[in-house]
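Let me begin by presenting the structure, written as structure tokens, before commenting on it.
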Amino acid sequence: MDMVKIFHMTGGIGDASYSSNSGLQRMGIMKTKGVIEQTISDLCHMSNLKYPKTLVMADLGCSSGPNTLLVGSMVINAVAKTSLEMGFKPPEVEINLNDLPTNDFNTIFVALQELQVNSTDENHQPKCYFTGVPGSFFGRLFAIESLNFVHSSYSLQWLSKLPELEEINKGNIYLSSTTPESVCRAYFKQFSKDFLGFLRCRSKEVMAGGRMVLTLAGRTTEDPRGEESNQLWGPFAIALQDMVFEGLVEEDKFDSFNLPQYTASPTEIMNLVKMEGSFTIDHLEIFDLKWEDWKRNKTDNDASETNDHSVGEAVTKAIRAGGISQLLANHFGEEILDDVFMRYGKNLTDITSNKKNKTVVSITVSLTRKI
Ligand SMILES: C[S@@+](CC[C@H](N)C(=O)[O-])C[C@H]1O[C@@H](n2cnc3c(N)ncnc32)[C@H](O)[C@@H]1O
């Protein structure tokens with residue numbers, strides 16, 4: 001399976017799109033607003049550099065929808081505010097929006113016209129230039145030392161490919177308490193290779209003193225087989241397993257389907273940053289996002305009551321919009337999609353009514369390119 005060729009979120013702005021089902025990720029980005037603003041302020045204040053005429057940033061794995069422009073507007077507003085405080089003309093801002101080639105870049109470009117920047121002083125509004133950059137962030141995307149700031153949210157947990165597994169991860173599609181040791185090791189090996197490759201590429205592209213703020217789905221525990229890793233994917237594996245029992249999915253196909261993602265721990269991330277050696281860690285924080293926020297935050301005006309049924313439904317829609325449909329269709333064929341997502345929704349509704357407060361663990365790390 002070639003992630004670069006097939007992986008993408010559901011495009012457009014319709015009910016099934018990532019754009020309409022990414023409220024939880026939006027909550028996550030909002031929680032990192034302070035870190036992003038502080039980073040931009042620090043960059044503008046860097047005493048050993050001349051105040052930059054242009055601030056060049058990249059948002060890696062930007063997808064399409066309101067979240068794509070959210071970070072850009074945070075940066076633009078932070079530049080406007082800091083330059084006003086410093087009494088400088090604001091630098092021009094170049095925003096490079098990156099994702100895999102099959103991402104819906106057209107929807108982004110249409111939405112760019114509506115970008116609202118709420119600056120306190122119109123004269124301090126920086127001039128902005130946007131560019132779409134298709135390609136994998138596990139390879140080089142930008143010219144050497146051309147970036148001041150890199151942001152990425154909820155993208156780096158996706159691997160460049162499925163790990164090579166020596167054993168079958170029986171009954172699972174991700175890591176769970178029944179996953180063999182060797183499978184966990186293979187997952188971590190692939191994540192390490194990808195994350196180190198990502199850091200190596202960015203170490204070339206980010207100029208000395210430049211910054212990165214990376215937010216990724218992760219875990220709090222050192223053991224990757226804990227409940228946190230399995231709460232979204234365990235019910236999915238059960239849905240597929242039931243379809244195997246009913247003869248709707250071949251057992252071999254189920255056995256060979258695993259998700260190309262890894263939810264790392266803070267220690268794993270810190271160790272890999274240290275091992276690569278080009279960046280220092282300024283700040284690392286962990287926070288929880290509640291599954292309910294996929295429902296509550298779907299639209300700002302959605303005042304409907306949050307019940308267990310709707311949480312299960314909202315999570316199902318978000319997961320379906322979030323890239324897994326392409327992986328399933330590629331492996332099993334498109335015809336299973338409606339059935340498997342219907343079963344998944346039921347399983348999620350059952351577990352959300354038994355046990356509340358299911359969460360997605362997020363890790364934000366802020367890094368500086370060593371001088
Ligand atoms: C869950 S979305 C996050 C989108 C947005 N940053 C947000 O926070 O809402 C993950 C995005 O990462 C992108 N992605 C995954 N692997 C990638 C890679 N190797 N290179 C570039 N983008 C990638 C996916 O295509 C997808 O659009």
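Tabulated results
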| quantity | calculated |
| --- | --- |
| Tilt relative to the chain, helix 308-319 - C-alpha long axis, 0 to 90 degrees, to 10 | 70 degrees |
| Estimated distance in nm for a label pair at LYS370 and MET86, the labels positioned 7 Å out from Cα along Cα-to-Cβ | 2.6 nm |
| Solvent accessible area, Å² - LYS31, 1.4 Å probe, full protein context | 100 Å² |
| Entries in LYS53/LYS370; LYS53/LYS161; LYS33/LYS358; LYS189/LYS295; LYS204/LYS253 that, when Cα-Cα distance is taken, lie over 31 Å | LYS53/LYS161; LYS189/LYS295; LYS204/LYS253 |
| Where the range 3-369 is the region considered: accessible area per residue in Å², 1.4 Å probe | 43 Å² |
| Principal-axis tilt of helix 66-86 within the chain, Cα atoms, nearest 10 degrees | 20 degrees |
| Computed label-point distance, nm, for sites ASP255 and SER177 using a 7 Å Cα→Cβ extension | 2.5 nm |
| Computed label-point distance, nm, for sites ASN330 and LYS5 using a 7 Å Cα→Cβ extension | 0.9 nm |
| Linear extension gain, LYS204 paired with ASN357, 0.36 nm per residue minus alpha-carbon span | 50.9 nm |
| Partner aspartates and glutamates for LYS274 [C-alpha distance under 16 Å; skip if fewer than 8 residues away on the same chain] | ASP194, ASP282 |
| Stretch gain in nm, segment LEU112-THR280, where the contour uses 0.36 nm per residue and the Cα spacing is subtracted | 57.1 nm |
| Acute angle (nearest 10 degrees) that the helix 33-45 long axis makes with the longest principal axis of the chain, alpha-carbon atoms | 30 degrees |
| Gyration tensor (alpha-carbon) shape descriptor, the range 3-369, a/c threshold 1.5 | prolate |
| Within the chain, helix-based [θ] at 222 nm, where runs of 4 or more DSSP H residues each add -39,500 (n - 2.57), nearest 500 | -12500 deg cm²/dmol |
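The values are calculated or read from the model by the stated rules, or taken from the named source; none is laboratory data. What you see is a predicted model, and the numbers here were worked out from it, not measured in a lab. Every residue, glycine among them, receives a Cβ derived from its backbone with ideal geometry; neighbour counts consider all protein chains shown. With ligands, DNA and RNA removed, areas are computed over all heavy atoms of the protein, side chains included. Shrake-Rupley method; radii C 1.70, N 1.55, O 1.52, S 1.80 Å.
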